[in-house]
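Read-outs throughout are calculated quantities, based only on the coordinates presented, and are distinct from any laboratory measurement. Every value quoted in this text rests on a predicted model; they were computed, and no experiment measured them. For neighbour counting, all protein chains shown are included, and Cβ atoms are generated from backbone atoms with ideal geometry for every residue, glycine included.
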Amino acid sequence: MNNSPIGVFDSGIGGLTVLKEIFRVLPSESTIYLGDTARVPYGIRSSETVTRYSFENTRFLTSKGIKLLVVACNTVSSISLEAIRKSVSVPVIGVIEPGAKAAIEATRTKRIGIIGTEGTIKSNSYVNAINALRNNKTEEITEHGEKSMDRYFEIRSGDFVIFTKACPLFVSLAEEGWTANDVALLTAEHYLRGLKKERLDTLILGCTHYPVLKDIISKVMGTEVTLIDSAVETVMTIKDILKRENIERSSAEKPSREFYVTDSPGRFIKVGERFLQQKIEHIKKIEL
Ligand code: DGL
């Protein structure tokens, strides 16, 4: 078991931000990454569809004999995590709770923002996780902004005020590698205009792709706002669980790093190597 790989899946390439952290923090672990590139994006799909896709991804990875499953996708972690957990015998780690915990630790003013896909924002998963960790309950939800691009929510929960906003175009910008140009800046300014007025001190990047836009988001929000990268927090949780379950890799051999995709690998390799900042080898296209 100790020398079995860690399985990681995402709707596409975004989860490589989590894989990159695994490579950095746990360099001796073997990994298998599955990107469902034929069916990305998940963020705009119904809960039923996201859950069905997630089960297919999970089945594929467990058939490879993984020792632990990482659900790198925020949308899947928001919608299907508990169902996945019930269906497998290995530990399952999602990205929501680690991000929520880090935001609670970081905030001084208890005014937190959350940005993510439509699916993640609609599910209120981060708000629910913050509430559970603080023993709070949502008391009031106010909608701000007239047009869909300006719309955001203000959620009062106990001593916290949480602002949530879907930023769907950030995924395409990250996929295109448009992370530092004028289009990225304008989009960020437009999406974040409302949240900027709300004097947050902490903002959760609640989507796999957003860490690659960190510089632009920070430029718009101001350096006084702490950005929470769920990928970083999640890998700290993985490290703790490997230790607690006594399943850290013990082999002295070089770890294996396999990749699987559901569409042809060309684009995944091109964009993924930029995300990972290293070569992607051992990649195969599969049917789920
Ligand atoms: N991986 C998704 C997430 O973190 C973003 C891309 C998608 O919509 O599938 O929510």
In terms of the charge dipole of the chain, which places +1 on Lys and Arg and -1 on Asp and Glu at the beta carbon, the residue among Thr138, Leu213, Ile6 farthest towards the positive end is Ile6
Tilt, helix 182-197 to longest principal axis of the chain (alpha-carbon atoms), in degrees rounded to tens, equals 60 degrees
Each label sits 7 Å from Cα toward the beta-carbon; between Glu118 and Asn3 the label points are separated, in nm, by 4.8 nm
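So, counting K/R as plus one and D/E as minus one, what does the shell of residues with Cβ under 14 Å around Pro27 add up to? Walk me through the intermediate numbers first.
On the way: positive: Lys20, Arg24, Lys239, Arg249, Lys254, Arg257; negative: Glu21, Glu29, Glu248, Glu253.
It works out to a net charge of +2.
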Length gained, Ser63-Lys219, 0.36 nm per residue minus C-alpha separation, equals 51.8 nm
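What dipole magnitude, in Debye to the nearest 20, does the chain give about its Cα centre under +1 on Lys/Arg Cβ and -1 on Asp/Glu Cβ?
340 debye
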Rounded to one decimal in nm, the spacing of the 7 Å Cα→Cβ label points at Ala83 and Asp263 is 2.3 nm
With Cα coordinates, the longest principal axis of the chain makes an angle with the long axis of helix 265-276, in degrees rounded to 10, of 60 degrees
Here the residues of region 62-89 lying in the modelled label zone of Ser47, meaning backbone nitrogen under 14 Å from a point 7 Å along Cα-to-Cβ, are 76-84
As straight-line cross-link partners of Lys239, the qualifying lysines (C-alpha separation under 17 Å, not fewer than 8 residues apart within one chain) are Lys20, Lys67, Lys101
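About its Cα centre, how strong a charge dipole does region 200-288 have in debye, to the nearest 20, once Lys and Arg get +1 and Asp and Glu get -1 at the Cβ? Show your work: numbers first, answer last.
Values: 14 positive and 14 negative charges, 76 e Å.
In total the dipole reaches around 360 debye.
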Dipole check, region 35-103, charges on Cβ (K,R +1; D,E -1), about Cα centroid: among Pro41, Pro98, Leu61 the Cα furthest to the positive pole belongs to Leu61
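Can you compute the FRET efficiency between Glu189 and Asp159 using 1/(1 + (r/R0)^6), with r the Cβ-Cβ distance and R0 = 45 Å? Round to the nearest 0.05. Each step should come with its number before you reach the end.
Numbers: r = 30 Å, r/R0 = 0.67.
Computed FRET efficiency for Glu189 and Asp159 comes out at 0.90.
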Ranked output for segments 237-248, 103-114, 203-214, 132-143 by mean other Cβ atoms within 10 Å, highest leading, reads 203-214, 103-114, 237-248, 132-143
